[in-house]
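Student: One structure coming up, written as structure tokens, with questions to follow.
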Amino acid sequence: MSNQMKTVTESPAEVVRGLYDALSKNDVPGVLAKLDPEVIVDEPTQLPYGGVHQGREVFVQSILGAMMGYANVAGPAGVIGTLTAHTTGEEFPLTMVEIHQVEDGTVRKIDVYTKNPHEIAAFYARAEAGTR
């Protein structure tokens, strides 16, 4: 009988699923555990949180903080979801695709593509102002 231990590693798909599971539960430590310390997230520049961001803490503060500050997000990544404004209840269909680069069990890079970034930016501006 062998005493060798097998190292079980998650597949890239499992890592990404784990990231979105943690996001859906607002589990910040769980999110951080799935991201490389120097993760790079590239969001469309038209969005209030747009641009290239580096580092997990930056991801949580700059992107999630801005994204979730005015609206709830429902629906998994890579499909049509819904943004719902905290202030007015306005619902906005969110169509996006995210491409994740996973290495050594963490997400190293996320490229985000949205169908209508200008309209999403206008939605966030209305949500922040409390108007429809």
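Student: Under a Cβ-Cβ cut-off of 11 Å, what is the net charge of the residues other than residue 132 that fall near it, where Lys and Arg count +1 and Asp and Glu count -1?
Tutor: Spelling it out: positives minus negatives among the neighbours equals -1.
Student: In addition: Excluding residues fewer than 8 places away in the same chain, name every one of the aspartates and glutamates whose C-alpha is closer than 18 Å to that of residue 115.
Tutor: Straight-distance partners of residue 115: 42, 43, 91, 98.
Student: Hey, another quick one. Relative contact order for segment 43-132 using alpha-carbon pairs under 8 Å, separation at least 6, rounded to a whole percent?
Tutor: It comes to 27 percent, rounded to a whole number.
Student: Could you list which residues have their amide H under 5 Å from that of residue 86, counting only those 5 or more apart in sequence or on another chain, with H placed in the peptide plane?
Tutor: Answer set, sorted by chain and number: 71, 72.
Student: Another question, if that's okay. If I fit a long axis through the Cα atoms of helix 117-129 and take the longest principal axis of the Cα atoms of the chain, what angle between them do I get, 0 to 90°, rounded to 10?
Tutor: 70 degrees
Student: Let me check against my output: what whole-number percent is the relative contact order of segment 76-128, with C-alpha pairs under 8 Å and at least 6 apart?
Tutor: Value for segment 76-128: 31 percent.
Student: How big is the charge dipole of the chain about its Cα centre, in debye rounded to the nearest 20, if each Lys and Arg gets +1 on its Cβ and each Asp and Glu gets -1 on its Cβ?
Tutor: Charge dipole, the chain, about its Cα centre: 180 debye, nearest 20.
Student: Here's something else I'd like to know. Select one label from (i) 15.7; (ii) 20.8; (iii) 15.0: the one whose number is Kirkwood radius over Cα pairs in Å as derived from the coordinates shown.
Tutor: Correct label, based on the coordinates given: (i).
Student: Among 126, 132, 17, what's the order by accessible area (1.4 angstrom probe), most exposed first?
Tutor: 132, 17, 126
Student: Could you compute the net charge surrounding residue 107? Neighbours are other residues with a C-beta less than 12 Å from the C-beta of residue 107; K and R count +1, D and E count -1.
Tutor: Net charge in that neighbourhood comes out at -3.
The values are calculated or read from the model by the stated rules, or taken from the named source; none is laboratory data. Worth saying up front: this structure is predicted, and the values here are computed from it rather than measured. Neighbour counts are summed over all protein chains in view; Cβ atoms, including those assigned to glycine, are modelled from backbone coordinates with ideal geometry. Ligands, DNA and RNA are stripped out before the accessible areas are found, and what is left, the full protein with its side chains, is counted by its heavy atoms. Shrake-Rupley method; radii C 1.70, N 1.55, O 1.52, S 1.80 Å.
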